[in-house]
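Okay, so here's the structure we're looking at.
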Amino acid sequence: PDDEFDIHDYPRKGYIRYKKMHEENPCIVARAEFELSEGEVAEIEANFGAGVLSSNKVVVGKNYKNERHWQVELSESSAIEARSDNGTTNFASVPSSFQNGSNSLPQESSKVDSLVASKIAEDFLEKWLPKFVYFDNYSLMRGKISINELKKRTEEVGTLDDSDRTFMSLLTLSGVSLEDLEEDLSYEDIKVELESASITITDEIFEYWQQNRQLKVEFDLSQADSNNPAEGKILHVRIEN
């Protein structure tokens, strides 16, 4: 089931004032804008008529009473076009007096549009709405990782910390294993594999994070120097901006 917002989550500044208006005018907690694909638009038009949407962008919001509201922009002819393939109205909730948008009063057309938009949201948009995951805790990953030390920790139960697990997840995502990093490869072979892993991770990040398209994840591998207590290979992880 979906998680629900609670009025106690409202910012403390202004909470008392908001509490008095909560029942009648609940505040929007989250709002998102989506762009429908050509296939999704076609599916809606197949049920409600060609050109029923004046825009392929829709907006959904959820308030502190956990009520979801959709904003769907309809064309002026939506009341007429909202019909199924056999020519009858696509849903029973539209009063017959509202079904002819060209002869109706402005307020009647508005009611029809509202019913059409609600039906589109109910029949299609709700099932297409993606799931959102809220992270309230972030794990920091070390910028330098000793491959030998990390491998030892993976072999000992209960010794991996959050940073280790984050790094291991990153390796899994890029298709690289600790064993791959331990191999005695030529410099050129190592660079090719690390560059491939860097590109893979960068692409994965941008699939979900688009606030800054200039970010780049870069891996590099070197031997431990005299200033590093760990022996063997050291993997460097950098985020370039």
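The values are calculated or read from the model by the stated rules, or taken from the named source; none is laboratory data. Computed from a predicted model, the values in this text were never measured in an experiment. Note that each Cβ is placed from the backbone with ideal geometry, even for glycine, and that neighbours are counted across all protein chains shown.
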Return yes when Asn47 is over 17 Å from the mean Cα position of the chain (by Cα), assigned by TED's automatic domain parsing to the domain that holds Ala121 and over 13 Å from Ala121 (Cα atoms) and no when it is not.
no
When the residues of the range 1-52 are filtered to those that are of a type in the set (Val, Ile, Thr) and outside any strand (DSSP E or B), which remaining residue is farthest from His69 (Cα to Cα)?
Ile16
If the Cβ limit is 8 Å and pairs must be 6+ apart or interchain, which residue in the range 6-19 that is at positive phi pairs with which residue that is surrounded by 10 or more Cβ atoms within 10 Å (Cβ to Cβ) and of a type in the set (Val, Ile, Thr)?
none
Restricting to the range 146-163, count the residues that are within 30 Å of the chain's Cα centre (by Cα) and outside any loop (DSSP other than H, G, I, E, B).
2
Out of all the residues in the range 24-42, is one or more in contact with a Leu (Cβ under 7 Å, 6 or more places away or on another chain) and modelled with pLDDT of 95 or more?
yes
Residue that is nearest to the chain's Cα centre (by Cα) [pool: residues in the range 171-187 that are closer than 18 Å to Lys233 by Cα and not in a loop (DSSP other than H, G, I, E, B)]
Leu171
